[in-house]
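To start, the structure itself, in structure tokens.
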Amino acid sequence: MAQLFSARADLFLRLGLLALVVLPLTMAVSGFAYYRSSYYTGVGAYVQQPVPFSHRHHAGELGIDCRYCHTQVEKAAFAGLPPTETCMTCHSQIWTNAEMLAPIRASLATNTPIRWNRVHDLADYVYFDHSVHVTNGVGCSSCHGDVADMPLMAKAEPLTMGWCLDCHRDPAKNLRPESEIYNTAWEKPADQRRKGRALLAHYGIRKDHLTDCSVCHR
Amino acid sequence: MSDATLTGRELIANHGRTRDGLMPAEMPYGTITDEVAAAIFRKPSRLWLVLVGVSFLGVILFGISILVLLVEGTGIWGVNSEVVWGFAVANYVWWIGIGNAGTLISCMLLLTRQRWRASINRYAEAMTLFAAAIAGIFPLLHVGRPWLAYWLAPYPNTMTLWPQWRSPLVWDMFAIACYILFSILFWYTGLIPDLATLRDKAKHRFTKVAYGIFALGWNGSSRQWKNYNSYYYAMAALGVPLVVSIHSVVGLDYAATLMPGWQETIFPPYFVVGAMFSGFAMVVTLTIPIRWALGLQSIITLDHLDAMAKILLLGGIIMSFSYSFEWFAGWYSGGEAERSLIAFQFFGPYGWLYWMMLACNGLAPQLFWWRRFRRGLVPLFIVGVLVNVGMWLERILINMNTLAHGHLPSTFSFYVPTIWDWLMFLGSFGLFCFLFFLFAKVIPAASIHEIRELAHKEGAAR
């Protein structure tokens with residue numbers, strides 16, 4: 001009887017079996033890497049805005065406090081975006097004819113708010129409250145990065161659930177004193193562990209329920 | 001005329017049967033191969049084409065009901081805010097139960113050296129495989145959003161979340177996955193020597209190559225047989241705990257809750273026995289048409305059916321004991337909810353179904369005390385079907401009764417299946433039959449090499 005398969009058939013069979021293991025494994029590893037990479041999370045990617053507002057210029061070089069524009073951050077869930085009038089507190093006096101600011105003047109003249117594009121967009125099923133964070137020792141830069149050094153706004157952190165939980169499971173490593181909340185250049189001191197524990201007590205934070213589902217999913 | 005050219009039926013006429021009746025007293029190896037492989041190399045009969053066509057309609061029906069479910073959501077079913085487990089869960093438990101018998105026959109009967117297993121294990125394993133695969137579909141549909149089913153698996157995700165290990169539903173996922181993987185591997189291992197036989201017997205080059213690839217270069221050398229046997233027996237030994245674990249976990253799906261009627265510690269073994277009972281009933285129901293359609297009467301004999309009928313009888317007795325234990329435990333618990341549930345089972349709106357179930361599962365198999373019924377095709381087939389009906393009723397009643405009659409009288413409710421419940425159940429039958437008919441045409445429905453081995457042991461072939 002003639003041979004049914006050539007001498008190389010065995011090689012192909014073995015390669016096929018190898019592929020059965022290697023291909024799913026490769027896909028799993030690539031998936032693991034992709035969902036953690038900035039391709040997916042968008043960390044560091046600048047978002048185009050109707051007016052190229054520079055946080056570096058306003059908050060960094062001019063030293064305007066975060067709360068001058070984001071007025072509700074200490075009181076409400078949403079930090080608040082400034083109305084056009086807030087821009088005009090200065091720009092009705094300076095750079096009144098700047099080409100760059102034309103959309104702002106148009107917005108004021110027609111009484112239509114500027115449509116800023118969201119940079120930090122959490123899923124709708126996440127309940128996030130700014131006030132509870134900034135009044136309990138979590139500074140702006142812990143989540144938003146050194147905003148005072150960003151010419152245009154970009155995400156500094158992935159904002160994945162794992163990233164949130166990393167802090168909720170062990171907040172002490174990120175807590176800072178009340179005076180440093182709005183300091184975007186704040187850096188952890190060498191003895192953060194010890195200070196963090198003291199700050200937990202200072203703010204009266206009870207860790208036991210920080211990772212309950214209903215804390216963020218209501 | 002020499003024995004080699006005779007068919008199995010003629011051999012029985014000439015030589016009679018072996019002492020335990022499992023095959024003709026003289027059965028050359030070649031005849032066994034020819035008898036079993038004949039169905040594969042024959043041109044497809046008109047009956048087969050019609051059956052495949054009809055069952056394919058069932059597959060389409062199943063597809064449509066799944067599509068409608070995915071578009072409309074679980075609201076198309078009769079489930080409500082109290083009776084949250086309806087047909088989908090009952091069908092799952094029923095199908096996975098049927099899927100238990102194949103591995104039971106393959107593994108336990110192999111390890112306990114029950115010779116009669118050789119002729120029936122192949123299609124019983126195929127039945128297991130298809131039933132378990134269909135069973136695997138239902139929990140996915142039951143949760144309503146099957147595209148999120150991967151959440152049950154522990155994988156490194158950016159949410160840093162793990163499954164809830166205390167939940168029996170997670171154990172279920174692992175149990176089903178292990179069981180299906182094992183069933184495929186075990187079934188395929190048993191097939192390899194037969195695939196080689198088909199490769200060698202096939203006429204067309206395409207068929208030769210197709211069987212040849214899956215035969216993995218089997219040439220029947222002593223070394224291959226030695227490795228094969230140690231591997232096959234080791235697999236069989238692994239399979240036995242799996243058979244027990246899978247339905248125990250299904251039992252725990254119920255027993256790990258706090259609902260009345262689901263509390264007894266007897267649940268895991270009670271479910272395992274129920275599964276084997278329904279599985280064996282399905283094997284009996286399938287055996288009778290198969291041996292006729294494929295002309296395997298000389299290999300699958302009345303003595304095989306006799307042995308299976310005895311197992312059904314044993315199963316029926318144990319099931320009756322389990323039911324009475326449920327009543328006893330309900331009374332003995334002293335709990336108002338438990339006692340009122342028992343009364344609800346007998347005399348509530350589903351009472352007539354409960355009596356029917358008791359008749360099918362407890363009473364019907366009692367016929368098999370008599371040898372006449374164990375060897376009669378008609379009573380065997382009827383009881384097989386009745387037990388399947390009874391076991392399905394048990395699965396749906398265990399959901400409906402408890403959930404409709406829980407702890408709080410204010411939440412007592414009523415479950416009525418909708419047309420989509422029924423169509424999906426019917427469709428799953430279509431899929432099962434479709435797969436089974438395809439199987440019977442492509443793969444030897446009985447294990448050629450194991451029947452040859454049996455013939456050698458019985459002294460029918462040398």
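Inter-label distance, A:Asp124 to B:Phe381: 5.7 nm, where each label sits 7 Å from its Cα along the C-beta direction. Each of B:Ile318, B:Phe267, B:His15 was placed along the dipole of chain B (beta-carbon charges, centred on the mean Cα), and the one lying farthest toward the positive end is B:His15. Net charge dipole, the protein assembly as shown: roughly 2240 debye, given to the nearest 20, about the Cα centre with Cβ charges of +1 for Lys and Arg and -1 for Asp and Glu. Computed from label points 7 Å out along Cα-Cβ, the spacing between B:Trp355 and B:Val71 is 4.3 nm.
The radius of gyration of the Cα set in chain B, together with its Dmax, comes out at 23.4, 80 angstrom. Based on Cα contacts under 8 Å between residues 6+ apart, chain B shows a relative contact order of 31 percent.
Convex hull volume of the C-alpha atoms in the protein assembly as shown, normalised per residue: 251 Å³. Rounded to the nearest 10 degrees, the inclination of helix B:117-142 to the longest alpha-carbon principal axis of chain B is 30 degrees.
Extending 7 Å from Cα along the Cβ direction at B:Phe41 and again at B:Ala177 yields two label points whose distance is 4.3 nm.
The helix-based estimate of mean residue ellipticity at 222 nm for chain B, built from -39,500 (n - 2.57) per DSSP H run of four or more residues and divided by its residue count, is -23500 deg cm²/dmol to the nearest 500. If you take every residue apart from B:Gly261 with its C-beta less than 11 Å away from the C-beta of B:Gly261, what net charge results, scoring Lys and Arg +1 and Asp and Glu -1? Counting the neighbours of B:Gly261, the net charge comes to -2. The calculated FRET efficiency for the pair B:Val442 and B:Thr418, based on their C-beta separation and a Förster distance of 41 Å, comes to about 0.65.
The simple Förster model, with R0 at 51 Å and r as the Cβ-Cβ distance, assigns A:Ser54 and B:Val143 a FRET efficiency of 0.55.
With a 10 Å cut-off around each Cβ of A:153-160, the average count of Cβ atoms from other chains is 1. Dividing the C-alpha radius of gyration of region B:1-155 by 2.2 N^0.38 Å, with N its residue count, gives 1.51. Could you check which residue among A:Leu122, A:Leu15, A:Leu81 shows the biggest mean-square fluctuation in a GNM of chain A with a 10 Å Cα cutoff? Judging by the Gaussian network model, the answer is A:Leu15. The calculated FRET efficiency for the pair A:Glu85 and A:Asp166, based on their C-beta separation and a Förster distance of 41 Å, comes to about 0.60. Only lysine pairs 8 or more places apart, or on different chains, with alpha-carbon atoms under 28 angstrom apart are counted in region B:3-458, and they number 12.
The numbers here are math on the coordinates, done by the rules we state, and not lab data. What you see is a predicted model; the values in this text were computed from it and never measured. Methodologically, a virtual Cβ is constructed for each residue, glycine included, from the backbone with ideal geometry; neighbour enumeration extends over all protein chains shown.
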